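Read the structure below first, then the notes.
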Amino acid sequence: METTDPRGLDEIDLALVHALQVDARAPWTRIAAAIGVDSATVVRHWSALREEGLAWLTAWPTAERWASTTDLALVLLHPGITDEARTAAVRRPWVLGVDETSAGLLLLVAASEGLPQLGERVRALETDATVLRMDVAASVSAEDSTWRLPVLSAAQQRVVRPSREAGGRPSAEAVRLPKPQTVAEIADVLDEDPRMPSAVLGARLGVSEATARRAVDRATSAGLLRFGCDLAMPAAGYRRGAVLWARSADPEAASIRAARLPEVHRAGVAVGPAPLFACVRARSLTALPAIERAWGGDVEIVDRWTVLRPVKRNGHELDASGRSIARIPPRW
């Protein structure tokens, strides 16, 4: 299918997306103050970005919540997969991400009921396609919603989210772990609109506005839920991607270092001969050697796959230019 290239995002667009990545629920007035425009301009730009599929809000489990509740696997399908089988894989709610790579179609598959369920889901994929390999994730140090545009200064980010700097240690009330069922219910409702006002959220959950606000604060403070903003990467100049597989004497430490690299949007440790994986995005593939050096001298790169195009990310099906064209609510 022929797809036109998306328009490039201007300075206000990029600053707005970065602000929403910092705090997707921040008031428009605070975001406007951070990026130096009025609220009406912010709302107008956001409406255009959303309508064109160039940016969208996310309500997503953090790596901490994945580690405690979810089993994940990176599954590689044969590149000769048919269009029908590819569409079927993309539309499965427990396939969280899909990238077409030089090695084949790479899927991020999730299961909440243990490894047997994960195995069943991979076998379900085999009814339509050939599975070349399956790497079960032992840990995840970065996932797609953690990635940030390098646009706002530290001072601007403090305007968007002042509470991170102002109050010192959070209170015991703020960090008390909410019940898993409560987090799941919040995520379910806010998946429709991560900026949903607390009053509306409370009505949907059958609690007061104050209770709903506290529940969201606890879930985010405890590292169980994250709200952010995703975008069509080519519109921001990020037209190239790669998947790196590597070894290290200390895989966990190397994975954490990978998560800190500005180009890495997904990283973790899998069970396999080259357990480290890092998915990177850049303006040019010529940046790869510098990214690999920055990862550390103890990291041995074993394989490199070029990302030909992202197909699905965090519940959004993407067109060839990275724009969101369909929402597939994640369920696993």
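The values are calculated or read from the model by the stated rules, or taken from the named source; none is laboratory data. Keep in mind it's a predicted model, so treat the numbers as computed, not measured. Glycine gets a Cβ as well: all are built from the backbone with ideal geometry, and neighbour counts include every protein chain shown. These area figures cover heavy atoms from the full protein model, side chains too; ligands, DNA and RNA do not enter into them. Shrake-Rupley method; radii C 1.70, N 1.55, O 1.52, S 1.80 Å.
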Using Cα atoms only, what is the angle between the long axis of helix 180-190 and the major principal axis of the chain, expressed in degrees (0 to 90) to the nearest 10?
80 degrees
Using only the alpha-carbon atoms, how far is helix 251-260 inclined from the longest principal axis of the chain? Give it as 0 to 90 degrees, nearest 10.
50 degrees
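Rounded to the nearest whole Å², what accessible area per residue is found for the chain with the 1.4 Å probe?
Details: 15070 Å² over 332 residues.
Computed with neighbouring chains in place, this is 45 Å² per residue.
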Enumerate the residues in the range 208-223 having an amide nitrogen under 13 Å from the point lying 7 Å beyond the Cα of THR69 toward its Cβ.
216, 219-220, 222-223
Starting from the Cα of VAL271, move 7 Å in the Cα-to-Cβ direction to define the label point; list residues of the range 86-106 whose amide nitrogen is under 11 Å from there.
none
Cut-off 10 angstrom, C-alpha nodes, Gaussian network model of the chain. Which of ARG214, ARG309, ARG148 fluctuates the most?
ARG214
So for the pair ASP10, ALA210, with labels modelled 7 Å out along Cα→Cβ, what separation do we get in nm?
4.4 nm
Here the Cα Rg-to-2.2 N^0.38 Å ratio for the chain is 0.99
To the nearest 10 degrees, how steeply does helix 39-51 sit against the main Cα axis of the chain, on a 0 to 90 scale?
30 degrees
First measure r as the distance between the Cβ atoms of LEU115 and ARG158, then evaluate 1/(1 + (r/R0)^6) with R0 = 25 Å and state the FRET efficiency to the nearest 0.05.
0.05
Roughly what would the spin-label model give for THR306 and ALA138, points 7 Å off Cα along C-beta, in nm?
3.2 nm
Based on the mean of other Cβ atoms within 10 Å per residue, sort peptides 286-295, 91-100 so the most packed one is first.
91-100, 286-295
Given 0.36 nm per residue, what is the gain on full extension from THR182 to ASP128 after removing their alpha carbon distance, in nm?
15.8 nm
Net charge (Lys, Arg +1; Asp, Glu -1) of residues whose beta-carbon lies under 14 Å from that of VAL302, VAL302 excluded, is -2
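Net charge around PRO289, counting only other residues with Cβ within less than 13 Å of its Cβ (Lys, Arg = +1; Asp, Glu = -1)?
Numbers: positive: ARG293, ARG304; negative: GLU263, GLU292.
My count for the surroundings of PRO289 gives 0.
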With a 1.4 Å probe and every protein chain left in place, tell me how much accessible area TRP60 has, in Å² to the nearest 10.
10 Å²
For the chain, what % of the accessible area comes from carbon and sulfur atoms, probe 1.4 Å?
52 percent
